1. Can you name every one of the helices (runs of 4 or more DSSP H) wholly within the stretch 279-355 that holds 3 or more residues which are within 26 Å of residue 69 (Cα to Cα) and at pLDDT 95 or above?
2. Among the residues of the stretch 41-52, are any assigned to a helix (DSSP H, G or I), under 17 Å from the mean Cα position of the chain (by Cα) and in the same structural domain as residue 308 (by TED's automatic domain parsing)?
3. Among the listed residues 39, 79, 100, which satisfies the condition of being in contact with a helix residue (DSSP H, G or I) (Cβ under 6 Å, 6 or more places away or on another chain) and modelled with pLDDT of 95 or more?
4. Would you pick out the residues in the stretch 100-144 that are assigned to a strand (DSSP E or B) and farther than 30 Å from residue 60 by Cβ?
5. Note down all Cβ pairs under 8 Å where the first residue falls in the stretch 120-136 and is at positive phi, the second is at pLDDT 95 or above, and they're at least six residues apart or on different chains.
6. I need every pair where a residue in the stretch 233-244 that is without any contact (Cβ under 8 Å) to a residue 60 or more places away in the chain has its Cβ under 7 Å from the Cβ of a residue that is surrounded by fewer than 23 Cβ atoms within 10 Å (Cβ to Cβ) and outside any helix (DSSP H, G or I), sequence separation at least 6 or different chains.
7. With the requirement that a residue be out of contact with any helix residue (DSSP H, G or I) (no Cβ under 7 Å at 6 or more places or on another chain) and part of a helix (DSSP H, G or I), what does the stretch 1-30 give you?
8. What single numbered condition from (1) surrounded by 14 or more Cβ atoms within 10 Å (Cβ to Cβ); (2) within 23 Å of the chain's Cα centre (by Cα); (3) not assigned by TED's automatic domain parsing to the domain that holds residue 180 fails to hold for residue 134?
């Protein structure tokens, strides 16, 4: 019997459709070789453009399709000039994280070629770590609180819960067990009571995983060490806002946001998307970097956890690594001249010869 995985595809705004097109082309190519699995890729509207069209950036029908899907592939959401009346941008991707409880944000960082990094002396693979970002609470918890833009003060809330933190840390240690078995907690426990609480919960979970080494690092020091010695990190786990910021910094070490895939995973659902935004200034020009989205699609195949999809994920990653060994195989954001389609074609061609 053939297993059919229902994939909700939300191409979204800006360059989202450009890069999702290449990721779905890769998925369809890899699926050709499967005998027991099929992917059903179905497009659904969401994002700032959908808000303009219907008044809702995440229509009920789209959310229901996501809730019923086996996985969600997302491009990019939001446009700078489309905002709620209180000034915030449309962020349906965050709505999905919170409503589907996608608490475990995975942000893998990997250097494919020395020329991609602003740091000197690093070879391919020397920078290889994973940021695990809590994605449902933290400083983002107050994001929907109404604010008076004419007020004398506005207060945001940092929410850290025992249940939310413990499930995050358990997932983090499971990730570390499959890597180099080292976890660094990044917090601000020297100043914020919520972070001292966060650290105490981390320590209480860490004792259950004696085979995995741990340490603690304040977020300001972590920003410094990521630039000075990124090779010293294996798995970093942190709060929502800290993870948001450090993920962008880390992407800059390996070529930028176009090289940085991500996943937001819960107990029953998962969204896979590039770490970058919608970049409306280059939308439709055919020069957006599809690598992050293609690697996010590979993460999705691995998460689907079927023998053939896991093997497919490895083939996609190996193809990307093979292609990026040649420093000329780049879109303009990483100093190259290839179009989005050309880089997608090159990766697909590499799948045919890479195991």
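The values are calculated or read from the model by the stated rules, or taken from the named source; none is laboratory data. Model, not experiment: these values are computed from the prediction. A quick note on method: Cβ atoms are made from the backbone with ideal geometry, for glycine too, and the neighbour counts reach across all protein chains shown.
1. Helices (runs of 4 or more DSSP H) meeting the threshold: 291-304, 307-324.
2. No, there is no match, as no residue in the stretch 41-52 is assigned to a helix (DSSP H, G or I), under 17 Å from the mean Cα position of the chain (by Cα) and in the same structural domain as residue 308 (by TED's automatic domain parsing).
3. 39
4. Across the stretch 100-144, the qualifying residues are 108, 109, 110, 128, 129, 130, 131, 132.
5. Going by the 8 Å Cβ cut-off, the qualifying pairs are 125/110; 125/111.
6. none
7. Residues satisfying the conditions are 16, 17, 21, 24, 28.
8. Exception for residue 134: condition (3).
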